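Participant: Please find one structure pasted underneath; my questions will follow.
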Amino acid sequence: MLADKPAGLSSHDVVAGVRRELGGGVKVGHAGTLDPFATGLLLLLIGRATRAQRFLMELPKAYEVVARFGAVSSTGDPEGEVTVTGRVPSGDLELPVGAIRQRPPAYSAVKVDGRRAYALARAGETVELPEREVEVYRFEERWREGDRRGFVVECSSGTYVRSLIADLGDAYCTALRRLRIGPFDVADCSPRIIGLSEALSFMPQVRLDPGRAQLVAHGNAVHRPPAEVKGAYVRLTDDAGLVAVASADADGVLHPRIVLRG
């Protein structure tokens, strides 16, 4: 299900609301956290779709962001302690694209020894997360007015837009909206539940005969010619629909990573 999260709610709040609507026994998750101040696309996973979470979380994302310059925030957003510095740039900014090293903010959902970094930071503990490499495909300024500027960012999974903005100087995000996750667009949000096969249609498909489908449904690897296998992960289907998501080795052997039949 595609949801357009409003400001003021956490991703967990949205998940809990859908779970209440569907009944407490239904498993509901999401594929990528949005901060409470942020709005936009949230992929909600229902039932067995929660088993495909990691594949959906790895998809690239696109955002619109409004930044305020001449001030910094302890959290990188309006919810933190804001300190005005008055240092506002007047010209064009150097906006990084390509592979970059980035340190997630202390107020993030990254886990440290089993606890969320933001929980540690709010408890007054010092949190310094290790740098990691992310990819920024597009980082463009769209407008500027006074100490505010608007940007569009397209990036890999795991990129923190708040950190991108903070690294431009004395700046923090005042608004953040997620527009896209892989092939999914916020403009297509509706109460309709998307079938898992459709949701994973961005993956290449490999069709199986009944015998191979039965083997895969029991967690067994099967062989297919390498020429038929394209992509790190593929959907394995038969006449009845989706059987599993698999990865392929160099010899064309398909190893089920999640079995979705039964």
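No lab work stands behind these numbers, since they all come straight from the coordinates. All figures in this text were calculated on a predicted structure; none of them were measured in a lab. Counting neighbours? That spans all protein chains shown, and the Cβs are built from the backbone with ideal geometry, glycine included.
Participant: Please go through region 154-208 and write out the trypsin sites (Lys or Arg not before Pro) that DSSP classes as loop and that have at most 10 other C-beta atoms within 10 Å.
Facilitator: Arg192
Participant: May I ask for the longest run of the chain untouched by GluC sites (Glu not before Pro) that are loop-located per DSSP and have at most 12 neighbouring C-beta atoms (other than their own) within 10 Å? Don't skip to the answer; put the middle values down first.
Facilitator: On the way: sites that count: Glu81, Glu94, Glu125, Glu128, Glu131.
It works out to 132-262.
Participant: Select one label from [x] 12.6; [y] 16.4; [z] 13.4: the one whose number is mean projected area of the Cα convex hull in nm² as derived from the coordinates shown.
Facilitator: [y]
Participant: On alpha carbon coordinates alone, what is the Rg over Rh value for region 203-259, Rh being the Kirkwood radius?
Facilitator: 0.90
Participant: Right, something else. Where does helix 11-22 land angle-wise versus the long Cα axis of the chain, in degrees 0 to 90, nearest 10?
Facilitator: It is inclined by approximately 40 degrees.
Participant: Helix-derived [θ] at 222 nm for the chain: sum -39500 (n - 2.57) over DSSP H runs of at least 4, divide by residue count, nearest 500?
Facilitator: Rounded to the nearest 500, the figure is -4000 deg cm²/dmol.
Participant: Which Cα, out of Leu93, Leu208, Gly169, lies furthest along the positive dipole direction of the chain (beta carbon charges, K/R +1, D/E -1)?
Facilitator: Leu208
Participant: Tell me, how many Å apart are the Cα centres for region 1-79 and for region 239-262?
Facilitator: 28 Å
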